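Report on the structure given below.
The values are calculated or read from the model by the stated rules, or taken from the named source; none is laboratory data. Bear in mind that the values here come from a model prediction, so they are computed numbers and not experimental data. Cβ sites come from the backbone with ideal geometry, for glycine too, and all protein chains shown count toward neighbours.
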Amino acid sequence: MSCRCVSRFLNYFQRGGMKLELSKVVQGCRLGVLIGIGKTGQHSLELPGCLLYTRCATVPHLTQDTLHTLTYLPAGAQVALDGLAEHHEVLEEFKEGVRKFAGLHDTALFCSLHDPATNCPTGHVTNKTVSVWGSGGRIEMTAARFIAMQAVIQPDCYQSMADGETWQTNTSRKRVHKAVNRTLAHLDECLTLHHKTPQLKHTEVFGVVEGGDILEERVRSARETAKRPVAGFVLDGFQSAAMEQELRGQLITAVTAELPVEKPRMLQGVGRPDEVIACVEAGVDLFEGFFPFQVTERGCALCFDYNVTPDPEAAALSPPTVLELNGERPAVEDPKQNDVGNTGTMTQFEINLKDIRYREDFRPLVEGCGCYCCKNHHRAYVHHLLVTSELLAGVLLMLHNTAHYLGFFRALREAISHERLQDFKTTVTKVDFGGRKQLH
Amino acid sequence: GLSLGKKGAVLRDPRDSECPVSKARACVLKLPHGAVNTPVFMPVGTQGTLKGVTVAQLEELGCQICLGNTYHLGMRPGPELIEKANGLHGFMNWKRNLLTDSGGFQMVSLVELSEVTEEGVMFRSPYDGREILLTPEQSIAIQNSLGSDIIMQLDDVVSSTVTGPRVEEAMRRSIRWLDRCAAANKNPHRQNLFAIIQGGLNAELRKACLDEMTKRDVPGFAIGGLSGGEEKDDFWKMVTLSTDHLPRGKPRYLMGVGYAVDLVVCVALGCDMFDCVFPTRTARFGSALVPWGSLQLKQKQYAKDFQPIDPECQCATCKRHSRAYLHALFKSDTAAMHHITVHNICYQLTLMRSVRDSIIEQRFPEFVRSFMKRMFPSSEQYPSWAEDALASVNITLD
C-alpha cells in the first residue's frame with residue numbers, strides 16, 4: 001500500500017472524517033481532494049471545485065433522470081436553510097434527512113444559511129438570532145433552532161450560524177466588528193449544541209469568517225475561527241455584488257494566510273469564472289455552483305472557452321478553440337448594454353439565446369459540448385422555446401450551463417496540475433470588453 | 001393493423017382484436033415514424049415541446065405519437081423555419097410520430113374571429129394585429145412544411161352548443177374543405193390526411209356528413225365538434241353514431257377527449273385515438289392523476305404524506321419521490337411540475353395499454369367493470385351517461 005492509500009484507509013475509520021489531501025500548490029492555487037465526506041466517508045470532492053446548486057434539494061428545473069444525463073456531477077451538493085426551514089416539521093416527522101426526503105442521488109450534502117441566488121432582505125439579525133426566508137416569509141432562528149434544523153436536515157457538513165449582513169449595505173466599522181463577534185459567539189454555541197445532537201454525529205461544521213471589507217476585522221475573524229475545532233471555513237461577505245474583485249482578492253489572501261493549510265476554504269456568493277480563478281489564486285478551494293442557474297434564468301447559455309492545449313508546442317497544430325469553430329464574436333461588447341432584468345447582468349461568458357440572431361442558427365449551443373442539450377438540440381430550437389416562454393427552455397439551459405461550468409472547473413484543475421495557469425486565465429477571460437484581447 | 005396511405009400494409013386483421021361484446025378494437029397503425037398501438041392517447045405538445053418534458057423522457061415513457069399545433073407553430077416560429085430544420089421532427093428532435101391539427105380549433109377558441117367565408121377563416125393575429133386568412137390550402141401547406149405523419153383537414157368549427165342553420169352550413173362546408181385539403185396535400189404518401197366528421201349534436205346532419213366523407217378515400221377519420229361543453233348524454237350518442245358509420249378498417253380519432261372515464265367509454269364505443277391537453281395541463285397545477293381520481297398535491301394534507309403518488313405506478317416520479325416531497329417542491333422550483341407531468345403522461349399511456357391488453361385478451365368488459373369500481377367509491381356514483389353508453393354496447397356495470 002502506498003502512503004496515500006494508508007492514510008485514506010486510516011482516515012476511513014476516523015470519526016473526524018473529512019480530510020484535505022493537497023497534491024500541489026501553484027501560484028497560490030491549491031490542488032487536492034477533500035476525502036472522507038459522508039456517513040461512511042464515501043464521498044470525495046476534487047478541489048478546486050464547486051457544489052451542485054439546489055433549491056429544496058432539487059437542481060432547478062431538473063428531474064433526477066434529466067440531471068443524470070450529465071456525465072460528470074460533483075460529489076457534493078448544496079442546500080440552504082432559506083429553502084428548507086419552512087419544512088422543519090415535515091423533516092422532523094420524516095426522520096431520515098433531506099437527501100432521502102428529496103430522492104436525491106448519493107451525494108455529499110452541504111447546508112448553507114442562505115440561498116446564493118436569492119437576495120434576502122436585511123436588517124433582521126439580532127444578537128441571538130438570524131433569519132432565513134422561505135416561501136411563506138421570514139423564519140427567525142436562535143442557535144438552538146438552527147441546530148435543531150440541521151438535525152432534521154442531516155447534511156454531511158454545514159456552515160455555522162453567522163451574521164453576514166455586512167455585505168448588503170454600507171456598514172460601519174462598529175457593525176462589522178459586532179458581526180465578527182456575534183459570528184464567533186454563534187459558532188461556539190453551535191459547536192456545543194452540535195456535540196449534544198446524536199443525529200449530527202457524522203456531520204462536520206464549517207466556521208464562518210466575516211469582517212466585511214475591513215482588513216483587521218477579517219484577520220481577527222480568521223484567527224479566532226481557526227482556533228475552534230471546525231472541519232473547514234466558509235468565507236462570507238465577499239459576494240460578487242458586494243465587492244470589487246481586487247479588494248476581494250487582497251482580503252481573501254490575508255484571510256487564508258491565517259487559516260490552517262490542511263482545512264478546506266469555501267467561498268460564498270462568487271461564481272463568475274474570472275472571479276473564481278482569482279479567488280482560487282487567493283487560496284479558496286470550494287465554491288457554490290449557482291452561477292449556471294443565474295445564467296439559465298436570464299435565458300443565456302455559457303459558451304466561454306476553457307480549453308488549453310496541454311502541450312504548448314502542439315498549439316500551432318491544435319484544433320481551433322470552441323469559439324473560433326463557432327466563428328463567433330462575443331455577443332456582448334459591453335455587458336451594461338444587455339441588462340436582462342432582475343436575473344442579473346449578462347456577462348462576457350455567455351450568449352443571449354433570446355436574441356434574434358439565433359432564430360435560424362442550427363448549431364448546438366456550444367460545438368463539441370457533450371451535454372444532452374447540445375447533443376439533441378440546436379440554438380434555433382432553444383431560441384424558440386425562450387420566445388414562446390416554454391418550460392423546456394429552463395431544463396435544456398440548466399443542463400448545458402451546468403455541464404459547461406463543471407467542465408470549466410475540471411479544466412481549471414487540469415491547468416493547475418499541468419502548471420498552465422497563465423494560459424488558462426488568458427483563454428477564459430480573453431473575451432474582453434472593448435475587444436482589447438484578440439482571439440488567436 | 002390499419003392501412004394508412006396508399007402504401008400502408010396491414011399488420012394484423014382488425015377482426016382478431018375486436019371485442020366480441022362491445023365495439024372496442026385494438027389495432028396497430030403503421031406510420032412513417034414507427035408503429036402505433038391503439039387504442040392510443042396522444043399527449044399534446046402545442047409549441048413543439050411537451051411542457052417541460054424532454055423528448056428522451058417522452059420516449060422512455062413509451063409515447064409513440066404526440067401532437068403539435070399548426071396555429072401556434074405557424075405563428076412562431078413559422079413554417080419556413082421549421083422546413084429548414086427538417087420539419088417539426090427535426091426541429092424538436094422527436095423521432096417518432098407526430099399529428100398536427102389544422103389550426104381551425106385554436107382560431108375559434110383563442111382568437112378574435114373576424115369572419116368565416118367559403119374561402120377560409122379570417123382572423124386577427126394576436127402578435128401584430130394583422131388580419132390573416134387561413135384557407136384549407138394554406139393549412140395543408142403549413143402542415144406539409146411541418147412534415148407531420150398525420151395531418152388534419154381544415155374544418156369549419158362550430159361549438160357543440162350552437163344550434164340552427166349554422167350547424168348545417170359548417171358541416172357542408174367542411175366536406176368541401178376536405179376535398180380542397182386532399183387536393184392540396186403535396187405528400188399523400190407520407191402525410192396522412194384525416195377527415196373530420198362534423199354535424200354538431202344533430203343526428204341527421206352527422207349522418208349526412210358521415211355518408212359524404214366516407215365516400216372519400218382518406219386514411220382515417222376524426223370525430224369532431226364534440227367535447228366542447230355539451231351534455232355528456234348527447235356527446236356519447238354522437239360518438240357511437242359516428243363509429244357505427246365509419247369504416248372498420250380505418251382509425252377513428254376522437255378529438256379533445258382525455259379524462260380517464262371518457263377514454264374507456266369511448267374505446268367501448270369504437271374509437272381508437274384520443275388527444276387532450278388536460279393531463280399535462282392539470283399537472284402544472286399540482287394535480288396528479290391516479291386510478292381512483294386525482295391528488296391535488298399542493299393541498300396541505302399531502303405535506304407529510306410520504307408515499308408516492310401511486311405505489312403501483314412505474315414512472316420515474318413514483319419510483320423516487322413522495323407526495324410530501326412534491327408538495328414541498330412546488331414552493332421552490334418548476335421541477336415539481338415536470339415530475340407530475342411525467343407521472344400524468346405515464347398514467348394516461350398505461351391506462352391505454354391496459355385497455356388494449358384487455359381487448360386483445362378478450363376481457364375488455366371485465367376491465368371496464370374493475371376500472372369503474374376503482375374510480376368511483378360506489379356504484380351509485382357511476383355517471384349515468386357512462387352507464388348508458390356502456391349498456392348500449394352490451395357492457396353492464398354492477
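Can you tell me how many residues within the stretch B:328-344 are β-branched (Val, Ile, Thr) and part of a loop (DSSP other than H, G, I, E, B)? Before the answer, list the steps.
So in the stretch B:328-344, the residues β-branched (Val, Ile, Thr) come out as B:334, B:340-342.
Next, from what is left, pick out any that are part of a loop (DSSP other than H, G, I, E, B): B:334.
Residues flagged as β-branched (Val, Ile, Thr) and part of a loop (DSSP other than H, G, I, E, B) within the stretch B:328-344 amount to 1.
Condition first: at the interface with chain A (Cβ under 10 Å from one of its Cβ atoms), closer than 17 Å to residue B:44 by Cβ, surrounded by fewer than 17 Cβ atoms within 10 Å (Cβ to Cβ) and out of contact with any Asp or Glu (no Cβ under 6 Å at 6 or more places or on another chain). Can you find one or more residues in the stretch B:73-83 that meet it?
First pass over the stretch B:73-83, keeping only residues at the interface with chain A (Cβ under 10 Å from one of its Cβ atoms): B:73, B:75-78, B:80-82.
Narrowing the set further to residues that are closer than 17 Å to residue B:44 by Cβ leaves B:73, B:75-76.
Keeping just the survivors that are surrounded by fewer than 17 Cβ atoms within 10 Å (Cβ to Cβ) gives B:76.
Narrowing the set further to residues that are out of contact with any Asp or Glu (no Cβ under 6 Å at 6 or more places or on another chain) leaves B:76.
Yes, the stretch B:73-83 contains at least one residue that is at the interface with chain A (Cβ under 10 Å from one of its Cβ atoms), closer than 17 Å to residue B:44 by Cβ, surrounded by fewer than 17 Cβ atoms within 10 Å (Cβ to Cβ) and out of contact with any Asp or Glu (no Cβ under 6 Å at 6 or more places or on another chain).
Taken together, B:325, B:347 contain a single residue that is aromatic (Phe, Trp, Tyr), within 14 Å of chain A (Cβ to nearest Cβ), part of a helix (DSSP H, G or I) and under 26 Å from residue A:58 (Cα atoms), which is B:325.
Condition check ((1) among the polar types (S, T, N, Q); (2) assigned to a loop (DSSP other than H, G, I, E, B)) across all residues:
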{"site": "A:220", "(1), (2)": "no, no"}
{"site": "A:234", "(1), (2)": "no, no"}
{"site": "A:239", "(1), (2)": "yes, yes"}
{"site": "A:254", "(1), (2)": "no, no"}
{"site": "A:269", "(1), (2)": "no, yes"}
{"site": "A:276", "(1), (2)": "no, no"}
{"site": "A:304", "(1), (2)": "no, yes"}
{"site": "A:308", "(1), (2)": "no, yes"}
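Looking at the stretch B:382-395, can you tell me whether even one residue there is among the aromatic types (Phe, Trp, Tyr), closer than 25 Å to residue B:277 by Cβ and at pLDDT 95 or above? Yes - at least one qualifying residue is present in the stretch B:382-395.
Look at (1) surrounded by 17 or more Cβ atoms within 10 Å (Cβ to Cβ); (2) touching a residue at least 40 places away in the same chain (Cβ under 8 Å); (3) farther than 18 Å from residue A:266 by Cβ and you find that residue A:219 fails only one, number (2).
Of all residues being touching a helix residue (DSSP H, G or I) at 6+ places or on another chain (Cβ under 8 Å) and away from chain B (no Cβ under 14 Å) in the stretch A:115-141, which is surrounded by the fewest Cβ atoms within 10 Å (Cβ to Cβ)? Just the residue, please. Restricting to residues being touching a helix residue (DSSP H, G or I) at 6+ places or on another chain (Cβ under 8 Å) and away from chain B (no Cβ under 14 Å), the top hit is A:123. Of the helices (runs of 4 or more DSSP H) that lie entirely inside the stretch A:362-427, those containing 1 or more residues that are away from chain B (no Cβ under 14 Å), within 22 Å of residue A:275 (Cα to Cα) and of a type outside the set (A, V, I, L, M) span A:392-417.
Within the stretch B:54-62, is even one residue farther than 21 Å from residue B:140 by Cβ, assigned to a loop (DSSP other than H, G, I, E, B), within 14 Å of chain A (Cβ to nearest Cβ) and polar (S, T, N, Q)? Yes, some residue in the stretch B:54-62 is farther than 21 Å from residue B:140 by Cβ, assigned to a loop (DSSP other than H, G, I, E, B), within 14 Å of chain A (Cβ to nearest Cβ) and polar (S, T, N, Q).
Tell me, please, whether a residue that is in contact with an Asp or Glu (Cβ under 9 Å, 6 or more places away or on another chain) and buried (at least 21 other Cβ atoms within 10 Å of the Cβ) can be found in the stretch B:125-135.
Of the stretch B:125-135, the ones in contact with an Asp or Glu (Cβ under 9 Å, 6 or more places away or on another chain) are B:125-126, B:133, B:135.
Those still in the list that are buried (at least 21 other Cβ atoms within 10 Å of the Cβ) too: none.
Taking every residue of the stretch B:125-135 in turn, none turns out to be in contact with an Asp or Glu (Cβ under 9 Å, 6 or more places away or on another chain) and buried (at least 21 other Cβ atoms within 10 Å of the Cβ).
Look at (1) under 27 Å from residue B:355 (Cβ atoms); (2) within 12 Å of chain A (Cβ to nearest Cβ); (3) modelled with pLDDT of 90 or more and you find that residue B:99 fails only one, number (2).
Close contacts from the stretch B:341-363, counting a first residue that is acidic (Asp, Glu) and a second that is outside any helix (DSSP H, G or I), with Cβ to Cβ under 9 Å and a gap of 6+ residues or different chains, come to B:357/B:26; B:357/B:363.
Answer with yes or no whether residue A:17 is away from every other protein chain (no Cβ under 11 Å) and at pLDDT 95 or above. The answer is no for residue A:17.
Take residue A:284 and tell me if it is touching a strand residue (DSSP E or B) at 6+ places or on another chain (Cβ under 8 Å), surrounded by fewer than 22 Cβ atoms within 10 Å (Cβ to Cβ) and within 27 Å of residue A:224 (Cα to Cα). The answer is no for residue A:284.
Are any of the residues in the stretch B:357-379 among the small types (Gly, Ala, Ser) and part of a loop (DSSP other than H, G, I, E, B)? Explain how you work it out, then say what you get.
So the first thing to find is which residues in the stretch B:357-379 are among the small types (Gly, Ala, Ser), and the list is B:358, B:370, B:378-379.
This time we only want the ones that are part of a loop (DSSP other than H, G, I, E, B), so: B:378.
Yes, some residue in the stretch B:357-379 is among the small types (Gly, Ala, Ser) and part of a loop (DSSP other than H, G, I, E, B).
For the stretch B:165-177, the condition holds for at least one residue, the condition being that it is surrounded by 18 or more Cβ atoms within 10 Å (Cβ to Cβ) and within 17 Å of residue B:142 (Cα to Cα).
Checking each residue in the stretch A:278-299 for being within 29 Å of residue A:386 (Cα to Cα), touching a residue at least 60 places away in the same chain (Cβ under 8 Å) and in a loop (DSSP other than H, G, I, E, B) picks out A:290, A:299.
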